[in-house]
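Here is the structure we will look at, set down as structure tokens.
The values are calculated or read from the model by the stated rules, or taken from the named source; none is laboratory data. The structure presented is a predicted model; accordingly, all values stated were derived computationally and were not measured. Here the Cβ positions follow ideal geometry from the backbone for every residue, glycine too, while neighbour counts run over all protein chains shown.
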Amino acid sequence: MHRRHNRFSNLRRFLFLAAVAGVVVLFLGGTKAGAVTVWSVSKTSSVASCSSSPLVTTCNTIQSAVNAASSGDVIRVGPGTYNESVMISESGHNRDGLTLLGAQAGRDARERWHERGGESVVNSTGTGNPAIVVNALFVVIDGFTATGDSTATPPAGIVVGSQSSGYYWAQLLNNILVNNGTGIYLFRPSSDTTHYSFYSVIEHNLFKDNTAGRGENVGIGVTSNGATNPVITDNAFTGNKAVAIIISGGDHAEITNNTSEDDGAFVVYVNAMQSVCSHNSGRRFGHKGVPVLIKSYTIYPDAAIDIGPNNFDLVISDNDLEEGESHISNGIAFTNTFPAALFPSGENANYYVTVKNNRISGFPENGIVAETLPSGTLIYSWILGNEVLDNGADGISIQDSNYNITVLDNRAEGNAVDCYDGTSGGGGTLGAQDIWLNDAGNTSNLTGPPPLCTPGGWR
């Protein structure tokens with residue numbers, strides 16, 4: 001599984017770069033790469049505006065260089081703080097395939113935080129706008145620190161997409177997103193069903209202390225709002241008081257190899273399809289936990305990985321989750337805490353979800369739980385091969401109204417109750433709606449015969 005998803009990530013990167021090359025060739029009429037202009041931005045430059053006639057390729061604002069650039073050009077930004085909001089837009093002048101390289105381009109943001117200095121900082125405080133907005137194809141943003149205005153909509157460091165129409169792709173690499181409401185926001189306009197951000201890659205970034213502003217999209221590392229095929233991999237999240245990542249709508253989101261420490265929650269899913277969350281690690285959830293506000297509805301996540309209603313075909317695998325406190329009381333929860341008004345009428349359950357090979361320990365309540373709702377929170381799904389240890393309530397808990405769940409080859413030990421099934425069949429028999437097989441655990445609410453779990457399993 002791990003190698004398969006890495007191959008998908010590598011393929012997407014290859015396709016992204018190939019597409020960039022294609023855009024360069026297309027818009028340069030097939031000319032050689034030497035025709036690409038390299039623009040420079042420096043705090044020491046006395047030139048306020050880059051221009052192409054007469055050619056001046058060094059100036060002191062990033063936006064001026066973007067305005068002068070054409071598709072496929074490269075903009076190199078020197079160290080220093082640039083108090084501006086940068087808009088990369090295809091409107092009126094094609095800027096597809098632009099590459100913006102900060103002073104730390106190519107250097108993993110997770111490894112350079114404590115060095116200080118030498119950063120290209122974009123700070124849009126006072127402008128009412130995010131720090132960087134991408135409304136063009138195949139744009140690369142590499143090696144910056146970004147802090148957006150806390151009053152912006154959304155109050156983000158980097159936004160891919162806006163309320164205008166267009167296809168928005170970006171690679172966001174090696175950036176530090178600090179003191180925003182949301183570090184990175186992938187946008188799909190609610191009024192536009194055909195144009196949205198997709199195939200964006202978010203990699204080797206640091207999302208730290210994104211707690212600024214009030215209202216929606218505050219306290220979040222990454223918000224994916226209806227985006228298709230986002231790849232969020234090899235990033236570090238810390239001190240984001242609501243949640244590290246929200247996947248709200250969209251499909252084929254890939255969340256892999258990230259770390260989360262001292263965030264509210266790690267991932268929240270709302271109305272998502274065919275997505276993967278694997279090989280991530282996190283600890284100390286909930287220490288700065290606050291509500292998440294989505295579409296003016298207040299949501300209190302109750303798990304490190306919190307799966308709201310109406311998600312389909314998710315894979316949650318090979319994650320290591322440790323330690324939570326209020327409100328983050330569970331490791332992985334199919335939750336009933338989200339307001340019904342957020343979801344289509346009657347669509348409350350999650351279908352065809354696989355939860356496998358996760359290690360979960362030290363949460364005040366449950367390790368893995370499908371909470372109760374009249375129409376269920378989990379149906380036709382699988383809980384396989386997980387290790388669920390030392391949680392305050394149940395290790396694995398399937399509450400009433402859920403059904404057709406296969407619970408296989410799990411180890412649940414040291415919990416108040418290791419294995420719990422509160423569902424009922426046609427005759428009122430508890431546990432009759434699910435299949436438990438070869439699960440190890442010392443305590444069960446149903447003792448059988450056979451019990452839900454047995455010491456050492458059924459091997």
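Taking residue 179 as the residue in question, decide whether it is in contact (Cβ under 8 Å) with a residue 60 or more places away in the chain and polar (S, T, N, Q). For residue 179, the condition - in contact (Cβ under 8 Å) with a residue 60 or more places away in the chain and polar (S, T, N, Q) - is not met. Residues that are touching a Ser or Thr at 6+ places or on another chain (Cβ under 7 Å), crowded, with 24+ Cβ neighbours inside 10 Å and either part of a loop (DSSP other than H, G, I, E, B) or among the polar types (S, T, N, Q) (or both) within the stretch 354-376 comprise 358, 363, 366, 376, listed in sequence order. Among the numbered conditions (1) at pLDDT 90 or above; (2) surrounded by 22 or more Cβ atoms within 10 Å (Cβ to Cβ), the only one that residue 105 does not meet is (2). In this structure, is residue 13 assigned to a helix (DSSP H, G or I), under 25 Å from the mean Cα position of the chain (by Cα), modelled with pLDDT under 50 and among the basic types (Lys, Arg)? It is false that residue 13 is assigned to a helix (DSSP H, G or I), under 25 Å from the mean Cα position of the chain (by Cα), modelled with pLDDT under 50 and among the basic types (Lys, Arg).
Checking the stretch 211-230 against the condition returns a match, with at least one residue being under 19 Å from residue 158 (Cβ atoms), at pLDDT 95 or above and out of contact with any Ser or Thr (no Cβ under 6 Å at 6 or more places or on another chain).
Listed here are the residues, each with its yes/no results for (1) at pLDDT 85 or above; (2) within 14 Å of the chain's Cα centre (by Cα).
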| residue | (1), (2) |
| --- | --- |
| 277 | yes, yes |
| 284 | yes, no |
| 289 | no, no |
| 296 | no, no |
| 304 | yes, yes |
| 311 | yes, no |
| 322 | yes, no |
| 326 | no, no |
| 329 | yes, no |
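Name the one entry in 309, 291 that is farther than 16 Å from residue 356 by Cβ and in contact (Cβ under 8 Å) with a residue 60 or more places away in the chain.
Exactly one of 309, 291 is farther than 16 Å from residue 356 by Cβ and in contact (Cβ under 8 Å) with a residue 60 or more places away in the chain, namely 309.
Which of the residues spanning the stretch 82-98 are surrounded by fewer than 21 Cβ atoms within 10 Å (Cβ to Cβ) and either in a strand (DSSP E or B) or free of Cβ contacts under 8 Å to residues at least 40 places away in the same chain (or both)?
Selection gives 87, 89, 92, 93.
Scanning the stretch 312-329 for residues that are surrounded by fewer than 24 Cβ atoms within 10 Å (Cβ to Cβ) and part of a loop (DSSP other than H, G, I, E, B) yields 318, 325, 326, 327, 329. Residues that are in a strand (DSSP E or B) and hydroxyl-bearing (Ser, Thr, Tyr) within the stretch 117-132 comprise just one, 120. Total residues in the stretch 395-404 satisfying the condition of being assigned to a strand (DSSP E or B) and either surrounded by 24 or more Cβ atoms within 10 Å (Cβ to Cβ) or on the phi < 0 side of the Ramachandran plot (or both): the figure is 5. For the criterion of being out of contact with any strand residue (DSSP E or B) (no Cβ under 6 Å at 6 or more places or on another chain), surrounded by fewer than 24 Cβ atoms within 10 Å (Cβ to Cβ) and charged (D, E, K, R), residue 142 fails. Considered as a group, the residues in the stretch 405-459 that are buried (at least 20 other Cβ atoms within 10 Å of the Cβ), part of a loop (DSSP other than H, G, I, E, B) and within 32 Å of the chain's Cα centre (by Cα) include one that is modelled with the lowest pLDDT, and that residue is 434. The listed residues are 253, 272, 265, and the only one of them that is within 28 Å of residue 361 (Cβ to Cβ) and without any contact (Cβ under 8 Å) to a residue 40 or more places away in the chain turns out to be 253. For the stretch 261-309, the set of residues classified as in a strand (DSSP E or B), closer than 19 Å to residue 251 by Cβ and out of contact with any Asp or Glu (no Cβ under 6 Å at 6 or more places or on another chain) consists of 267, 269, 270, 275, 277, 294, 305, 306, 307, listed by residue number.
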